[in-house]
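The values are calculated or read from the model by the stated rules, or taken from the named source; none is laboratory data. Keep in mind the model is a prediction, meaning the values are calculated, not measured. For neighbour counting, all protein chains shown are included, and Cβ atoms are generated from backbone atoms with ideal geometry for every residue, glycine included. In case anyone asks, the SASA skips ligands and DNA or RNA and just uses the protein heavy atoms, side chains included. Shrake-Rupley method; radii C 1.70, N 1.55, O 1.52, S 1.80 Å.
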Amino acid sequence: MSRPGTPTRTMPVRTGTLAVRGDIGRPGTLTVADLRERWEQHESAVVFDCATNGPQHHTFSGPLLREVAGDALPAFDARRRKDRSRFVLAVTGGDGHHTVLAWAEIDADFGDAPILLATRLDGRELDAVGSQLVVPSDRCGARYISAIRSIWIGACRVPAES
Ligand SMILES: Nc1nc2c(c(=O)[nH]1)N[C@H]1C(S)=C(S)[C@@H](COP(=O)(O)O)O[C@H]1N2
Ligand SMILES: [Mo]
């Protein structure tokens with residue numbers, strides 16, 4: 001609720017802050033400081049290829065997406081692998097560029113990929129810009145979503161055959 005004279009917030013989520021939403025028990029927003037303080041930080045030196053700029057070398061650090069997403073309490077039975085394997089995560093940047101990950105990519109019983117939500121890029125803190133997705137196993141850079149604004153987590157519903 002804004003008081004008279006208080007500037008109205010036009011963006012749903014502040015710059016540098018991301019919304020965690022979807023079929024989850026604990027929706028909310030996370031700042032880069034939250035990502036740095038609430039979870040263990042992991043460092044990852046990566047090389048990815050950009051279709052327009054060629055090979056890019058970067059060092060990122062931040063929490064594992066697996067831990068942050070798990071703490072949002074996805075609406076699956078955590079003890080059932082098949083249940084978990086139907087979930088996806090959609091990660092959206094400030095410019096609207098978004099990508100999809102399968103839950104199984106990050107799940108320790110499946111791909112176990114050390115995908116990060118970066119809080120730091122090449123020694124620079126990302127508080128003002130927003131977190132960046134780090135997918136060390138990707139050869140291409142397209143899923144390294146920067147300025148993350150939203151992570152949607154939910155079951156992938158396949159349209160029924162007509
Ligand atoms: N938000 C957002 N993130 C993005 C993109 C984009 O268009 N928007 N492009 C991707 C692509 S194609 C590449 S190759 C990398 C480039 O990362 P760099 O600028 O740090 O080298 O960012 C990725 N992240
Ligand atoms: Mo790219």
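Over the chain, calculate the relative contact order: mean separation of alpha carbon pairs under 8 Å at least 6 apart, over the residue count, as a percent.
29 percent
Can you work out the Karplus-derived ³J(HN,Hα) for every residue in the range 66-74? Use 6.51 cos²θ - 1.76 cosθ + 1.60 with θ = phi - 60°, whole Hz, and x for glycine or proline.
The phi angles translate into 4, 6, 5, 5, x, 6, 7, 6, x Hz.
Summarise the accessible area of the range 19-155 (1.4 Å probe, protein heavy atoms) by the percent that is carbon and sulfur.
Values: 3370 of 6740 Å².
Result for the range 19-155: 50 percent of the exposed heavy-atom area is carbon or sulfur.
Could you give the size of the charge dipole of the range 19-155 about its Cα centre, using +1 on the Cβ of each K and R and -1 on the Cβ of each D and E, expressed in debye and rounded to the nearest 20?
380 debye
Which value, in Å² and to the nearest 10, is the accessible area of residue 153 when all protein chains are kept and the probe is 1.4 Å?
Result for residue 153: roughly 0 Å² accessible.
In Å², what does the accessible area per residue of the chain work out to with a 1.4 Å probe?
Accessible surface, normalised per residue, equals 58 Å².
Can you tell me the length gained on complete extension of the stretch residue 108 to residue 67, counting 0.36 nm per residue apart and subtracting the Cα distance?
So the chain would gain 13.7 nm between residue 108 and residue 67.
Please sort by residue number the GluC sites (Glu not before Pro) in the range 92-162 whose DSSP state is loop and whose Cβ has at most 14 other Cβ atoms within 10 Å.
161
Okay, helix-only estimate at 222 nm for the chain: each DSSP H run of n ≥ 4 adds -39500 (n - 2.57), divide by all residues, round to 500 deg cm²/dmol; what do you get?
Values: 4 runs with 22 residues, N = 162.
Only helices count here, giving -3000 deg cm²/dmol.
Between the alpha-carbon centers of the range 34-69 and the range 103-130, tell me the distance in whole angstrom.
Here the two parts' Cα centres lie 4 Å apart.
Within the range 67-130, list the trypsin sites (Lys or Arg not before Pro) lying in a DSSP loop whose Cβ has at most 16 other Cβ atoms in a 10 Å radius.
79, 80, 86
Taking a ≥ b ≥ c as the square roots of the Cα gyration tensor eigenvalues, with a/c under 1.5 meaning rounded and otherwise prolate when a/b beats b/c, else oblate, which class fits the range 19-155?
Working: a/c = 1.68, a/b = 1.39, b/c = 1.21.
Verdict is prolate for the range 19-155.
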